[in-house]
Each structure stands twice: as structure tokens, then as C-alpha cells.
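The values are calculated or read from the model by the stated rules, or taken from the named source; none is laboratory data. Everything numeric here is computed off the predicted structure, so don't read it as measured data. We place every Cβ from the backbone using ideal geometry, glycine too, and count neighbours over all the protein chains shown. When the accessible area is computed, the model is the full protein with side chains, heavy atoms only, and any ligands, DNA or RNA have been set aside. Shrake-Rupley method; radii C 1.70, N 1.55, O 1.52, S 1.80 Å.
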Amino acid sequence: MLASFTMSAYSASKTVLVLGDSLSAEYGLARGEGWVSLLQKKLEAEKITAPIVNASISGETTSGGAARLQTLLDKHQPAVVVIELGANDALRGLSLIATQQNLRNMVAAAKKAKAKVLLIGMQIPPNYGTDYTRQFADLFPKIAKESKSALVPFMLKDVADKANPSLFQADRIHPAAIAHPIILNNIWPQLKPLLPG
């Protein structure tokens, strides 16, 4: 009996759950070109056993993610939850107080389910107003610090801050396939330490 108990103790889920929006849902890309697909290939190349569930939906907001998360946690029992949400809240000018509370609730739910959390920080263009832009960018490090969660400071570092149109699709909002390896490079150093051994 002891042997079977030991085995089950080590067979805990190693799943990585990605809860995001179009930036993680391969919007406008061929299947396999997005950073989440590239992550799966990287894990396989590095012999890391961690199945990925990509529960990202284009257009998703933090309220939508918060509403869906518990069901996803119950179903997949992930070891790690990557939260990549908030950009659509900002683009719609939604209340930052609500966005902040939704993110907090998601982090808390994931941690209650014994999952490690990686929060992916976003920034928006300055045309939304200096105060709103700054307060939005500050949300992510603030929540990561208070919840002791891992943080990617800016998902689109070396993409959005480069004057290179080829890094974006024709809408100038969504990164092109060529940009997704850069996005993965931004995420990987923070994600790798969270992965099950």
C-alpha cells in the first residue's frame, strides 16, 4: 500500500493552463505559430513533461476569464496557471478597479487550487491618456507583488517597442508569426522555474 501511495504522490498534474486573449489564441496565425504552440515544442525539446491546455479566447476580458477559471481548474487541475488577460479591458476603457479585482480573484482561485501563477504584464498605447496608461501598466507588478506571484513585466517587450511593422499583422495590433518567438523569450525565463520537475 505504501508503494502505491508514494506513486500517487508523485503523479500530480503537471499541466500548464494558459488563460489568455487573442495574443495567446493564435489570432490571425496559422496553427502552431503562436507562442503557446512554440512553448509546447520547447518543452518537448527540453524533455520537460508538462502538457499545455490553451484556454485562450480572442476578445476575452478579465471578467470573462474570471468567470471561466474555476471550471478550468476543476477539470484540468493544473500545476501552473498563466494569466494573460487585461489588454481587452484597457482597449475598451473598462474600469481599472474591476480589472484589478478580476485579476486578483483569478490569482487567488489558482493558488487555492494549489497551482503556481505566472501573471503576464501588458501595456497600452499612450493615446488612452497618461494616467490610465500608467495605472494599467502598474496593475500587473502590484498584483504579482501582493500575491507573491511570478511576473512577466511586459509580454510584448522587443515587439511593441520596436519601430518594425513586420512584427505585426495588418491590423497593427496583433503580433505576426515572426514576433511569437520573441514573446516566448519574454515569458520563458519566468515560466521555467514554475514548471514541475
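Side notes on the structure shown:
- Note on exposure: L94, L23 ranked by accessible area (1.4 Å probe, complete protein assembly) read L94, L23, with the most exposed listed first.
- The simple spin-label model puts a point 7 Å past each Cα toward its Cβ; for D161 and E33 those points are separated by 2.6 nm.
- Three-way shape call for region 21-101 based on the alpha-carbon gyration tensor, with the a/c threshold at 1.5: oblate
- FRET E, pair K192, K75, Förster distance 25 Å, beta-carbon r, rounded to 0.05: 0.50
- In this calculation the C-beta distance from Q101 to I48 is compared with R0 = 30 Å, giving a FRET efficiency of 0.35.
- Residue-averaged [θ]222 nm for the chain, counting only DSSP H segments that reach four residues, each worth -39500 (n - 2.57): -13500 deg cm²/dmol
- Spatially proximal lysines relative to K148 (Cα-Cα < 16 Å; intrachain offsets below 8 disregarded): K111, K112, K114, K116
- Share, in percent, of DSSP beta bridges within the chain that are antiparallel, nearest 5: 5 percent
- The C-alpha radius of gyration of the chain, expressed as a fraction of 2.2 N^0.38 Å, stands at 1.04.
- Whole-number accessible area per residue in Å² for region 24-106, which is evaluated in the context of all protein chains at 1.4 Å: 46 Å²
- With kT/(6 pi eta Rh) evaluated at 10 °C and eta = 1.306 mPa s, and Rh the Kirkwood radius from Cα pairs, region 81-188 diffuses with a coefficient of 109 µm²/s according to Stokes-Einstein.
- Centre-to-centre, using Cα atoms only, region 53-98 and region 100-144 are separated by 11 Å.
- In the chain, excluding the sites themselves, the longest stretch lacking any of the trypsin sites (Lys or Arg not before Pro) that are in a DSSP loop with at most 10 other Cβ atoms within 10 Å is 93-147.
- Nearest-10 value in Å² for the accessible area of E146, using the 1.4 Å probe: 90 Å²
- Gain on full stretching of the segment that runs from Q169 to Q135 - 0.36 nm per residue minus C-alpha separation: 9.5 nm
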